[in-house]
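> Provided herewith is a single structure, encoded as C-alpha cells, for subsequent inquiry.
The values are calculated or read from the model by the stated rules, or taken from the named source; none is laboratory data. All values reported here derive from a predicted model rather than from experimental measurement. Glycine gets a Cβ as well: all are built from the backbone with ideal geometry, and neighbour counts include every protein chain shown. To get the accessible areas, we keep the full protein, side chains included, count just its heavy atoms, and leave off ligands, DNA and RNA. Shrake-Rupley method; radii C 1.70, N 1.55, O 1.52, S 1.80 Å.
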Amino acid sequence: MALEKGLFTFFYQPYFECQTLKIAGFEALVRIKENNRIIPPLEFIEFLENSPYLKEFETYTLYQNIE
C-alpha cells in the first residue's frame, strides 16, 4: 500500500493575489511516485476517499507538510 511504503509525494503550487501578483499561499498536490512513475490523483483519489485509510492519509499528509 502506498501509505505504508511512503510513496505519496507532494508538489507545491503557489497561488497569487490578482491585484498585486504577490504570492497568497500554496496548495499541496499529492501524487504517488513508484518505480520512476508518477501516478496522478485521478487514478487513486476515489479509492482513497472511499477507503478506511482516509483518516490515516490525512494525518500522514499533515505531518509530511510540516517537516
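> If only one of Ile32, Ile38 is of a type in the set (A, V, I, L, M), modelled with pLDDT of 95 or more and exposed (fewer than 13 other Cβ atoms within 10 Å of the Cβ), which one is it? Break it down into steps so the answer makes sense when it comes.
Details: Ile32 fails: exposed (fewer than 13 other Cβ atoms within 10 Å of the Cβ).
So the residue among Ile32, Ile38 that is of a type in the set (A, V, I, L, M), modelled with pLDDT of 95 or more and exposed (fewer than 13 other Cβ atoms within 10 Å of the Cβ) is Ile38.
> Next up: Please work out which residue is nearest to the chain's Cα centre (by Cα), limiting yourself to region 12-67 and to residues that are in contact (Cβ under 8 Å) with a residue 40 or more places away in the chain and outside any helix (DSSP H, G or I).
Phe44
> Can you name every residue in region 12-29 that is surrounded by fewer than 10 Cβ atoms within 10 Å (Cβ to Cβ) and charged (D, E, K, R)?
Lys22
> Can you spot a residue in region 3-11 that is open to solvent by 80 Å² or more (accessible area, probe 1.4 Å), part of a strand (DSSP E or B) and of a type in the set (Ser, Thr, Tyr)?
We begin by selecting, within region 3-11, every residue open to solvent by 80 Å² or more (accessible area, probe 1.4 Å); these are 4-5, 11.
After this cut, where a residue has to be part of a strand (DSSP E or B) as well, the list is 11.
Within this subset, residues satisfying the condition of being of a type in the set (Ser, Thr, Tyr) are none.
The answer is no; no qualifying residue exists.
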